[in-house]
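Take a look at the structure set out below.
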Amino acid sequence: MKTRRQTIQLLCAASLAPALMGQAAHAAQDSWQVVTTAKDSGTRFATQALPVPQPSGQPPETETAVFVDSGKRFQEVFGFGGAITDAVAEVYAKLTPAAQKEFHTAYFDPRQGLGYNVVRTTIHSSDFSSGSYTYVRDGDRSLASFSIEHDMQYRVPLLRQALASSKAHGSALRIMATPWSAPGWMKSNNSMLRGGTLLPGDRDLWAQYMVKFVQAYEKAGIPVWGLSVQNEPMATQKWESMIFTAEDETRFLGDHLGPALKKAGLGDKKIVVWDHNRDLLPQRAAHILSDPKARPFIWGVGFHWYETWAKGEPMHANVAAVHQAYPEIKLLMTEATVEKFDPAKMQLWANGERYGSEILADLNAGASGWIDWNMLLDTRGGPNHVGNYCFAPLHASDDGQLIYTPSYAYLGHFTRYIKPGARRVSASSSRSTLATTAFRNSDGSLAIVVLNKTDAAQKYRLIVDRKEVVVDIPAHAIQTVLR
């Protein structure tokens, strides 16, 4: 567990390094730099200049090579971010003033931090709340009692600060809101928990509830960029959850939510559908995107990484299949976290490597962005009112200081250097021991991410547009090469 002083020293060292995106963008074409985070080194984002690249030749099959062709371009980047839940806001409130300031630097500063440009939040409670609650009195079909007073204590103030931090760093933060369940009295099981379905007669009422949420948040100074229809619509969870089949979601969006938003003058809000795991992603996308009434309201399709609960491998191929079938639709990772929190594994390197490999694979499959789950949790992985404790990139110590985990650094190797508006370019490796992706930013700079999950250090020939340089990557390391 790193102390706040040690972490600040590491981050300050990184921030003083010359490989910042702005400098890299204006460097000469033959000035390449590599930023490295490795398991057995004491530093994160360690930067060094690479030798002057030479014209590339034919690499032999006995050597490892990474190939980048920046002339072949693919999807545009929407951005990166994380979630501000009730849990995040409650833990943030217990940080020291200095640690609160550090939190904003860590997440919204594009040079010293992660440079997030999108935040996901919840419509009333989720499992990462101290308890279940809604914004209306039970049975109030008029919605006259609607109030976000609960959120005004912790969540809304933190969202306001996040918006201000992002603006201060030259970015426009987008807020995306997601419901975990309708109020229990609108559902078949009369509970917000353990699944159940929305009562058919309450579809308009639930749509109006979501409209009122947007209006109340915007009145409180929180502009809502977009909404997803339902979090994990095919999962019956012990916490807040609600089942929407493909047809249910299609009809709710096309016949109720979409028209309600439009009638309220909120038709510009971006709508994300599915918002669940990659396993059923192709089926849900094909169904809802083919509907003429729902399709005009849809901005993108969201997905999560939890399909591995069934003991299989991550289904990045399903992301690629949907991207190929619907290249005009944005594909967005909307939630990911390492589950089953264990304080002894706070600094487990494999957690960071999971982030690195999953982000890289999703981007290569056609994802336009990647939104992490809780941005900050306590040293018990909560608070969570049903005991579903998880890891986060940052945790708060009991004395109100920030604890940085490996996941934070792995996220940064993408978010610091791949900016909104960047375009993915062709990148591949000659060996399965290295994984890679690459992006051309709108300022002309190139960011190439290389991941080594093996136990051995490796040397590879980095060949970019017929120029090459030799790069060393340590064992269990991630690098971002900047040109």
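The values are calculated or read from the model by the stated rules, or taken from the named source; none is laboratory data. Note that this is a predicted model, so its numbers are computed, not measured. So basically every Cβ, Gly included, is an ideal-geometry build from the backbone, and we count neighbours across all protein chains shown. Just the protein is used for accessible areas: all its heavy atoms, side chains included, with ligands, DNA and RNA removed. Shrake-Rupley method; radii C 1.70, N 1.55, O 1.52, S 1.80 Å.
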Reported set for region 347-368 where residues are of a type outside the set (A, V, I, L, M, F, W, C), in a helix (DSSP H, G or I) and under 19 Å from Thr405 (Cα atoms) is Asn351, Gly352, Glu353, Arg354, Tyr355, Gly356, Ser357, Glu358
Of the residues in region 221-274, those that are among the basic types (Lys, Arg) and under 19 Å from Ser290 (Cβ atoms) come to Arg251
If we keep only residues of region 75-116 that are among the β-branched types (Val, Ile, Thr) and not in a helix (DSSP H, G or I), then the residue farthest from the chain's Cα centre (by Cα) is Thr96
Flagged in region 374-411 as in a strand (DSSP E or B) and either farther than 20 Å from Gln237 by Cβ or open to solvent by 10 Å² or more (accessible area, probe 1.4 Å) (or both), in numbering order, are Leu376, Asp378, Leu394, His395, Ala396, Leu402, Ile403, Tyr404
- prompt: Being within 29 Å of Lys101 (Cα to Cα), in contact with a helix residue (DSSP H, G or I) (Cβ under 9 Å, 6 or more places away or on another chain) and not aliphatic (A, V, I, L, M), is that true of even one residue in region 132-148?
  reply: no
Flag for Asp138 being open to solvent by 40 Å² or more (accessible area, probe 1.4 Å), at pLDDT 95 or above and either charged (D, E, K, R) or within 15 Å of Arg160 (Cα to Cα) (or both)
yes
Review point. In this structure, does Ser70 turn out to be of a type in the set (Gly, Ala, Ser), within 27 Å of the chain's Cα centre (by Cα) and part of a strand (DSSP E or B)?
Key: yes
Confirm whether Glu249 is charged (D, E, K, R), modelled with pLDDT of 95 or more, under 21 Å from Tyr135 (Cα atoms) and not in a strand (DSSP E or B). no
Residue hits (region 412-443; outside any loop (DSSP other than H, G, I, E, B) and closer than 24 Å to Asp455 by Cα) are Gly412, His413, Phe414, Ala427, Ser428, Ser429, Leu434, Ala435, Thr436, Thr437, Ala438
Flagged pairs (Cβ under 7 angstrom, 6 or more apart or on separate chains; first in region 452-470, under 22 Å from Arg73 (Cβ atoms) and crowded, with 18+ Cβ neighbours inside 10 Å; second among the acidic types (Asp, Glu) and at pLDDT 95 or above) are Leu462/Glu468
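Checking the condition closer than 17 Å to Met176 by Cα, at pLDDT 95 or above and not β-branched (Val, Ile, Thr), which residue from Phe74, Phe103, Phe67, Phe128 passes?
That would be Phe128, the only listed residue that is closer than 17 Å to Met176 by Cα, at pLDDT 95 or above and not β-branched (Val, Ile, Thr).
Table: residues versus (1) acidic (Asp, Glu); (2) outside any loop (DSSP other than H, G, I, E, B); (3) surrounded by fewer than 21 Cβ atoms within 10 Å (Cβ to Cβ).
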position: Asn189; (1), (2), (3): no, no, yes
position: Gly201; (1), (2), (3): no, yes, yes
position: Tyr209; (1), (2), (3): no, yes, no
position: Lys212; (1), (2), (3): no, yes, yes
position: Tyr217; (1), (2), (3): no, yes, no
Given (1) open to solvent by less than 50 Å² (accessible area, probe 1.4 Å); (2) under 20 Å from the mean Cα position of the chain (by Cα), Pro282 misses just (2)
Conditions (1) surrounded by fewer than 22 Cβ atoms within 10 Å (Cβ to Cβ); (2) closer than 24 Å to Asp372 by Cα -> Val273 fails only (1)
Note on region 379-415: residues touching a Pro at 6+ places or on another chain (Cβ under 7 Å) and either without any contact (Cβ under 8 Å) to a residue 24 or more places away in the chain or among the aliphatic types (A, V, I, L, M) (or both) are Leu411
Counted residues in region 301-330 being assigned to a helix (DSSP H, G or I), in contact with a Lys or Arg (Cβ under 9 Å, 6 or more places away or on another chain), open to solvent by 40 Å² or more (accessible area, probe 1.4 Å) and within 22 Å of Lys270 (Cβ to Cβ) come to 0
Cβ pairs under 7 Å, 6+ apart or interchain, first in region 283-300 and part of a helix (DSSP H, G or I), second open to solvent by 50 Å² or more (accessible area, probe 1.4 Å), ordered by first then second residue, are Ala285/Tyr326; Leu289/Arg295; Leu289/Tyr326
Of the candidates Ser126, Ser166, the one satisfying the condition of being polar (S, T, N, Q), out of contact with any His (no Cβ under 8 Å at 6 or more places or on another chain) and either in a loop (DSSP other than H, G, I, E, B) or touching a residue at least 60 places away in the same chain (Cβ under 8 Å) (or both) is Ser126
Counting only residues in region 147-187 that are among the β-branched types (Val, Ile, Thr) and open to solvent by less than 10 Å² (accessible area, probe 1.4 Å), the one nearest to Lys238 (Cα to Cα) is identified as Thr178
*Is it the case that region 267-275 has a residue that's in contact with an Asp or Glu (Cβ under 8 Å, 6 or more places away or on another chain) and either of a type in the set (D, E, K, R) or more than 26 Å from Ala317 (Cβ to Cβ) (or both)?*
yes
Flagged pairs (Cβ under 6 angstrom, 6 or more apart or on separate chains; first in region 304-326, closer than 24 Å to Ser290 by Cα; second open to solvent by 40 Å² or more (accessible area, probe 1.4 Å) and assigned to a helix (DSSP H, G or I)) are Asn318/Pro282; Ala321/Pro282; Val322/Pro282
The residue from Val119, Val91 that alone is out of contact with any helix residue (DSSP H, G or I) (no Cβ under 7 Å at 6 or more places or on another chain), surrounded by 17 or more Cβ atoms within 10 Å (Cβ to Cβ) and aliphatic (A, V, I, L, M) is Val91
Among residues of region 219-241 being in contact with a Gly (Cβ under 6 Å, 6 or more places away or on another chain) and assigned to a loop (DSSP other than H, G, I, E, B), the residue most open to solvent (accessible area, probe 1.4 Å) is Thr236
